[in-house]
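The values are calculated or read from the model by the stated rules, or taken from the named source; none is laboratory data. Everything numeric in this text was worked out from a predicted model, so none of it was measured. In this analysis, Cβ positions are derived from the backbone assuming ideal geometry, glycine residues included, and neighbour counts consider all displayed protein chains.
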Amino acid sequence: MNLRAVLALFLLAACVAPPSAPSDIMISPDTAGLAVFPSGLRMDFGRAPGGVIAVLDRELGVHEVLGLSGCPAQIEMRLRWNDLVLTFTDERFAGWRETDASRGLVCRA
């Protein structure tokens, strides 16, 4: 292997991010939106979608996009992180569904 190839492999290896430590954050749905423990911070209904999605993607892993079948006309996006499904209008976080519980503006199915 020539020096350039070895150097290229070394540089590529340096670009790989180390695995992140498991998060101690817990997201808990409630009547007003989502509580974030142990920080005591909140992501309430009405918050801009980008802020909610970025936090959940970072803490729970990348979301899955769901279809809008059975959703009210205002819902523009429905995303899932494990059992937690959130709905969004174009400008705001509108509702959540987890297992058999839900709050806010949610889809029937």
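From the set of residues in the stretch 81-91 that are part of a strand (DSSP E or B) and touching a helix residue (DSSP H, G or I) at 6+ places or on another chain (Cβ under 9 Å), which is farthest from HIS63 (Cα to Cα)? Per the criteria, the residue is PHE88. Here is the figure for the stretch 30-47: residues that are part of a loop (DSSP other than H, G, I, E, B), at pLDDT 95 or above and among the small types (Gly, Ala, Ser) total 2. Screening the stretch 36-54 for residues that are among the hydrophobic types (A, V, I, L, M, F, W, C) and touching a residue at least 24 places away in the same chain (Cβ under 8 Å) and picking the one that is surrounded by the fewest Cβ atoms within 10 Å (Cβ to Cβ) gives ALA48. Which of the residues belonging to the stretch 92-109 are assigned to a strand (DSSP E or B) and either aliphatic (A, V, I, L, M) or in contact with a Leu (Cβ under 6 Å, 6 or more places away or on another chain) (or both)? If the condition is that a residue be assigned to a strand (DSSP E or B) and either aliphatic (A, V, I, L, M) or in contact with a Leu (Cβ under 6 Å, 6 or more places away or on another chain) (or both), then ALA94, GLY95, TRP96, GLU98, ALA101 are the ones that fit. Selection of the stretch 64-91 for residues being surrounded by fewer than 18 Cβ atoms within 10 Å (Cβ to Cβ) and under 18 Å from ALA35 (Cβ atoms) yields ASN82, ASP83. Within the bounds of the stretch 64-80, is there any residue that is under 20 Å from ILE25 (Cβ atoms), assigned to a loop (DSSP other than H, G, I, E, B) and out of contact with any Asp or Glu (no Cβ under 6 Å at 6 or more places or on another chain)? Among the residues of the stretch 64-80, not one is under 20 Å from ILE25 (Cβ atoms), assigned to a loop (DSSP other than H, G, I, E, B) and out of contact with any Asp or Glu (no Cβ under 6 Å at 6 or more places or on another chain), which makes the answer no.
For ASP100, state whether it is over 10 Å from the mean Cα position of the chain (by Cα), exposed (fewer than 11 other Cβ atoms within 10 Å of the Cβ), under 24 Å from MET26 (Cβ atoms) and modelled with pLDDT of 95 or more. Taking the combined requirement at face value, the residue does not satisfy it.
Is it fair to say ALA109 is small (Gly, Ala, Ser), closer than 16 Å to ASP30 by Cβ and surrounded by fewer than 12 Cβ atoms within 10 Å (Cβ to Cβ)? So ALA109 does not fit the description; no.
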